[in-house]
Structures are given as structure tokens and as C-alpha cells.
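> Structure below; questions to follow.
The values are calculated or read from the model by the stated rules, or taken from the named source; none is laboratory data. Because the structure is predicted, anything quoted here is derived from the model rather than measured. Methodologically, a virtual Cβ is constructed for each residue, glycine included, from the backbone with ideal geometry; neighbour enumeration extends over all protein chains shown.
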Amino acid sequence: MRKRVVSSRKKTAVADGRRQRTERSRKAIIDAALAYMEEGVLVPTAQQLADRAGIGIRSFFRHFEDMEALFQAVDDSIRDSYESLFLGGDRAGTLEERIEHAVERHADAYEAVSNIVRSTLAQSWRYEILRRNYARNQRGLRKDLNDWLPELNTLAAPEREAVDAIASFDMWHRLRYHQGLGKTASSQVIADLLKRLLL
């Protein structure tokens, strides 16, 4: 009886050790993907990720059957922290003050996730999961902007759509990288455009 108990404990310990190694390897791959994206490598390959995670390419595909499965795991791991960048903030005050606060909050968030969003957009043509996740995030941003600025509900449909375009990452990226404006100047452009529509 004693031998059976010891053998059972050994088997459990071995299984637990395998599970922990599997979890560590999966996390290392996810961390590698995030690190590459944050560094501006917008389309990292499976081989690059495996090398950075310190595993073989066959091990990579034992953890993730394809890149789409990896992107889902990455999204699951960062969703709460990503969304928290946009939520919160000072939502009190006049309409003008709330516009400024919302733009400031979005500016900080866009700066923090810029390369991750760019990576998503660069690969969304290929992966349905990225298109679906991006669409979900856009719906969330629209809903959150309504919370900042309930006055949006009084706008006609064209003006309401214009607000989302002005407050979007696409607009932010254009101002920051294509037009070469700094963070403060970009925020001012967006805030001024929103005020013209809402004030």
C-alpha cells in the first residue's frame, strides 16, 4: 500500500511538472509575440517567436496549432490591460473639459498600444480572429466614448460617424506618424475637431 501511495505521488508530481513546463513555454511564446510587436516587428514569424521563447519550432506548433491560435492567446492575455487603458479617467466637468479629458486618455492609450494595433492591422487581412477582435475593440471604444460624452446621442448619424473617425487610432496614427505631429499637437487637432462638432 505504501508503494502505491508513493508511486501515485510521483506520477502526480511528474504530471504537475509537465503542466508547469507547458504553461511556461506557452507564456514564453506569448511574451515573445508581444515583445516583437512592441519593438515594431509587426509580422513576426513562428521561427522568430520560437527562437525568442527558447524552444524548437516543433514545440511551438505543439502549443499553438497555427498563428491564429497564438493571436487568440495573445488577445486573451492582454485584453483586460488593453481595455483598462481607455476606461476610467476624469469624466466630470463641462462638455469642453470632458472632450479634452477623453482625448488625453485616448492619446495615452494609443501611444501605449500603437505597435500592437499596427501589427493587428498589418495581419488582419490574413486572420479572421484579428478582424473579429479589432471589430470588438472598435465597438468598445464607441460605447466608451458615449460614456464620456452622452451629448453624442443628440448628433445626426453623419456627425456621429465623424466623431468616431476623428477619435480613432487611424486618425491618431496619421497625425503622429504620417504628418509628423507630436503628441500634444495631435491631441489638440483631435480635441478642436470634436469641439467643432459638439459645442
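Here's the yes/no breakdown for (1) more than 20 Å from Glu128 (Cβ to Cβ); (2) modelled with pLDDT under 90; (3) over 20 Å from the mean Cα position of the chain (by Cα):
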| position | (1), (2), (3) |
| --- | --- |
| Met1 | yes, yes, yes |
| Arg9 | yes, yes, yes |
| Asp16 | yes, yes, yes |
| Arg19 | yes, yes, yes |
| Asp31 | yes, no, no |
| Val43 | no, no, no |
| Gln47 | yes, no, yes |
| Glu68 | no, no, no |
| Val74 | no, no, no |
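> Looking at segment 25-54, which of its residues are of a type in the set (Gly, Ala, Ser) and surrounded by 14 or more Cβ atoms within 10 Å (Cβ to Cβ)?
Scanning segment 25-54 gives Ser25, Ala28, Ala32, Ala33, Ala35, Ala46, Ala50, Ala53.
> Starting from segment 161-187, take each residue that is over 18 Å from Ala122 (Cβ atoms) and list its partners that are at pLDDT 95 or above and of a type in the set (S, T, N, Q), counting only C-beta distances under 7 angstrom and pairs at least six apart or across chains.
Listed by first residue and then by second, the contacts come to Leu175/Ser186.
> Hey, another quick one. Quick check on this structure: which one of Leu193, Leu141 is over 18 Å from the mean Cα position of the chain (by Cα) and assigned by TED's automatic domain parsing to the domain that holds Glu83?
Just one listed residue meets the conditions, Leu193.
> For the structure I just gave you, tell me whether Gly88 is out of contact with any Lys or Arg (no Cβ under 8 Å at 6 or more places or on another chain), outside any helix (DSSP H, G or I) and closer than 20 Å to Ser187 by Cα.
Criteria not met by Gly88.
> If only one of Glu111, Glu96, Glu38 is in contact (Cβ under 8 Å) with a residue 60 or more places away in the chain and more than 18 Å from the chain's Cα centre (by Cα), which one is it? Give the derivation first.
Working: Glu111 fails: more than 18 Å from the chain's Cα centre (by Cα); Glu38 fails: more than 18 Å from the chain's Cα centre (by Cα).
Of Glu111, Glu96, Glu38, the one residue that is in contact (Cβ under 8 Å) with a residue 60 or more places away in the chain and more than 18 Å from the chain's Cα centre (by Cα) is Glu96.
> Condition first: surrounded by 18 or more Cβ atoms within 10 Å (Cβ to Cβ) and touching an Asp or Glu at 6+ places or on another chain (Cβ under 9 Å). Now tell me which residues in segment 84-100 satisfy that.
If the condition is that a residue be surrounded by 18 or more Cβ atoms within 10 Å (Cβ to Cβ) and touching an Asp or Glu at 6+ places or on another chain (Cβ under 9 Å), then Phe86, Arg98 are the ones that fit.
> Can you tell me which residues in segment 91-104 are part of a helix (DSSP H, G or I) and of a type outside the set (Lys, Arg)?
Of everything in segment 91-104, those that are part of a helix (DSSP H, G or I) and of a type outside the set (Lys, Arg) turn out to be Leu95, Glu96, Glu97, Ile99, Glu100, His101, Ala102, Val103, Glu104.
> I would also like to ask the following. Which pairs have Cβ atoms under 6 Å, sit 6 or more apart or on different chains, and link a residue in segment 121-142 that is at negative phi to one that is of a type in the set (D, E, K, R)?
That search, which allows pairs on different chains as well, returns Ser124/Arg131; Tyr127/Glu68; Ile129/Glu68; Asn133/Asp75; Arg142/Asp164.
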